[in-house]
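**Q** Sharing a structure here in structure tokens format.
Taken together, the values in this text are just the output of simple stated rules run on the coordinates, not laboratory data. A quick note: this is a predicted structure, and the numbers were derived from the prediction, not measured. Positions of Cβ are backbone-derived with ideal geometry, glycine not excepted, and every protein chain shown enters the neighbour counts.
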Amino acid sequence: MHKTRVIPVLLLGARGLEKGVGFRNRVYVGCPRNAARVFNAHRVDELVLVDIVATPNCRPTRVDYVQEIARETTMPFAAGGGVRSLDDMRRLLEAGADRVVLNTAAVENPCLIESGASRFGSQCMLVSIDALRHPDGRYEVFTACGTRPAGIDPVEAARIAEAAGAGELLVTAIHRDGTMSGYDVDLVRRVVDAVNIPVIAGGGAGSVEHIAEVVLRGGAAAAACGAFVVFYGKRRTVLITYPSVRDLRAVLPEERVRNRDLVPPPDMTAARL
Amino acid sequence: MKVTIIDYGAGNLGSVTRAFESLGTEVILGRDPVSLAGADALVLPGVGAFAEAMMFLDRGGWLGPLREAVLERRVPVLGICLGMQLMATRGEEGGNTPGLNWLDGGVVRRLCPPPESGARLPHIGWNDLIDRGEHPIFAGIPAGATFYFAHSYHVDALPEDRVLCRSSHGVSFAAAVARDHILGVQFHPEKSYVNGLRLLRNFLEFAGRRTYA
């Protein structure tokens, strides 16, 4: 049975890893390389790294970080932020990313998804859609790290991305980001019902119950986590954690939880080849 | 034991290379068909589409030297993901295209999970291996270990005795295949932590035996 993924999302700011609330008031949470190493040691299902100051500063993803993380880890790993061309994608993949994350460019230029999918395969195209719920209940997509209103509904953006060849969507509720108050399950459900590709839910994770809710009720294939895996306790002390197999099994059907604790027995005789 | 990873221009070889290096194995990046001449063991990786990858192999002049190494000299080979699919007789991705035809059959088709299963494509993420037969490649890997997949197509219509194990994503498909010294896995052992590394180590041991079931 296909397992539900829990995916830490790391945001690469000007100073290093940063995390805020509602895409604002970001605080420094640490060194990307160390964080990635710790997540790799937790044998996480997958990791996403986004350079959130690339697009606002009109420059491509800082590939050196991607390269450093890829060199020291073996986890499945998606990277992006500031990707505007096939060349940007190729550089990320050559640096060791397994998948490319597209956000602003996917909305402004869906043809880029199409050419990326035909060159690298659609499984490689992870399209990230950030959506804000306005006070009147209307949803709107924002690009450039939540700073630029795109004037379209997330469901429409999702359909366009799928038609262009996206392999998966990461749908983040800006109004839940960093709050640890639970995902916007309705937003996720609306997108999941509108497309046939898998959807990763983002924005709001604060407990394994939240993850179970967005998977079971929202139909998400995976749950992205930010604050939930980098902050600990009420005072938001920086501490990298990852939900245990036992905690996930308490809230999800057992066959949907990957038992990452199963490892081969140590075998000293064949340690060297 | 040295392992030659075939670099025919379709994909990212960094993680496969690093995985073998972490096992202490010497890795040769085969950028030219000449590099197959003295190879002990081959790895055929690949991401992207079937037709395009076959075109890359053809254009790079790989087809003849690969056939000679694998079918005549019987150099052990491991295909990963698209690399396994290329070993089939033909593929339907990107138009009907002949494959390497190393498995005596197999047609690469898009997975077709029934709508009521709720399974979506691409199949991305972790999954179990089911009906795992006895094969040295699985030595020491606990039953219930999961592996990382990222694909929409699978090798269909293979003779049952070529299928080492299956996995299921709304519909059951071949997750690992073998014909004597020719092995293929649909998942990514290089992205599957310790169990994946164990499988790669098992492949090297298997390749070093020089006799194949």
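**Q** Excluding A:A117 itself, what net charge comes from residues whose Cβ is under 14 Å from its Cβ, given Lys and Arg +1 and Asp and Glu -1? Numbers along the way, then the final one.
**A** Working: positive: A:R90, A:R99, A:R119; negative: A:E114, A:E162, A:E168, B:E52, B:E93.
Counting the neighbours of A:A117, the net charge comes to -2.
**Q** Nearest 20 debye, what's the magnitude of the dipole of the range B:2-209 about its Cα centre given +1 on Lys and Arg Cβ and -1 on Asp and Glu Cβ? Intermediate values should be presented prior to the final figure.
**A** On the way: 19 positive and 22 negative charges, 42 e Å.
In debye, rounded to 20, the range B:2-209 gives about 200.
**Q** At 222 nm, what helix-only mean residue ellipticity would chain A give, in deg cm²/dmol to the nearest 500, using -39500 (n - 2.57) for each DSSP H run of four or more? Don't jump to the answer; show the numbers that get you there.
**A** Working: 10 runs with 86 residues, N = 273.
Result for chain A, helices only: -8500 deg cm²/dmol.
**Q** Hey, another quick one. Give me the distance in nm between label points sitting 7 Å out from Cα along the Cα-to-Cβ direction at B:L29 and B:M55, one decimal.
**A** My value for the distance between the label points is 2.4 nm.
**Q** Further question: Count the net charge of all other residues whose Cβ sits under 13 Å from the Cβ of B:P33, scoring Lys and Arg as +1 and Asp and Glu as -1. Walk me through the intermediate numbers first.
**A** On the way: positive: B:R31, B:R59, B:R67; negative: B:D7, B:D32, B:D58, B:E68.
Residues close to B:P33 contribute a combined charge of -1.
**Q** Any chance you could run the full-extension gain for A:S244 through A:N57? It's 0.36 nm times the residue separation minus the Cα-Cα distance, nm to one decimal.
**A** That pair, A:S244 and A:N57, stretches by 63.6 nm at full extension.
**Q** Reachable lysines from A:K3, Cα under 24 Å, same-chain residues fewer than 8 places away excluded?
**A** Candidates past the 8-residue exclusion: B:K191.
**Q** Using just the C-alpha positions of the protein assembly as shown as equal point scatterers, what log10 of I(q)/I(0) does the Debye formula give at each q in 0.06, 0.10 1/Å?
**A** At q = 0.06, 0.10 Å⁻¹ the computed log10 ratios are -0.25, -0.71.
**Q** Net charge within 15 Å of B:V171 by Cβ-Cβ distance, Lys/Arg positive one each and Asp/Glu negative one each, not counting B:V171 itself?
**A** Details: positive: B:R109, B:R110, B:R120, B:R166; negative: B:E116, B:D128, B:D131, B:D156.
Result for the neighbourhood of B:V171: 0.
**Q** Turning to a different aspect of this structure: Assigning unit charges at the beta carbon (Lys, Arg +1; Asp, Glu -1) and nothing else, what dipole magnitude in debye, to the nearest 20, does the range A:7-252 show about its Cα centre? The partial results should precede the final answer.
**A** On the way: 28 positive and 27 negative charges, 160 e Å.
It comes to approximately 780 debye.
**Q** Using +1 at the C-beta of Lys and Arg and -1 at the C-beta of Asp and Glu, which of A:G82, B:L129, B:G99 has the Cα lying farthest in the positive direction of the dipole of the protein assembly as shown?
**A** Of the options given, the answer is A:G82.
**Q** Also: Please report the spacing between the Cα centers of the range B:50-77 and the range B:151-213 in Å, no decimals.
**A** 19
**Q** For the protein assembly as shown, with only Lys/Arg (+1) and Asp/Glu (-1) charged at the beta-carbon, what is the dipole magnitude about the Cα centre, in debye rounded to 20? Don't skip to the end; give the middle numbers.
**A** On the way: 54 positive and 53 negative charges, 231 e Å.
For the protein assembly as shown, the charge dipole is close to 1120 debye.
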